[in-house]
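The values are calculated or read from the model by the stated rules, or taken from the named source; none is laboratory data. Please read these numbers as outputs of a predicted model, since none were measured by experiment. Every residue, glycine as well, gets a Cβ built from its backbone with ideal geometry; the counts of neighbours run over all protein chains shown. Side chains included, ligands, DNA and RNA excluded: accessible areas come from the protein's heavy atoms. Shrake-Rupley method; radii C 1.70, N 1.55, O 1.52, S 1.80 Å.
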Amino acid sequence: MNEVWYVVGLVAVSVAVLALGVWFVRREIRDEVSSPPVLWAGYAVVAAFVVFGVLRTSWVVLS
């Protein structure tokens, strides 16, 4: 049962990190720091690593 709570916590933290990333990208676009496609592409790469890490870790912990 502890493994399930570990995964739930991991997912919750990952969702918070992804939401913070969306906020950051939108703020940078609003402040015209860089072009939107570049910022969203960078976010997509980071988000892919986060999602992959969550899925892989969850698979290892729950199996």
Query - Cut-off 11 Å between beta-carbons: net charge of the residues surrounding residue 21, Lys and Arg +1, Asp and Glu -1 - result: +1
Report task. Mind sorting out which of (1) 172; (2) 79; (3) 48 is the real volume of the Cα convex hull per residue in Å³ computed from the coordinates? Result -> (3)
Query - Within the chain, helix-based [θ] at 222 nm, where runs of 4 or more DSSP H residues each add -39,500 (n - 2.57), nearest 500 - result: -32000 deg cm²/dmol
Requested in this report: Sort 34, 58, 63 by accessible area with a 1.4 Å probe, largest first.
Outcome: 63, 34, 58
**Report entry** Local electrostatic count at residue 39 - Lys and Arg +1, Asp and Glu -1, tallied over other residues with Cβ under 15 Å
**Finding:** 0
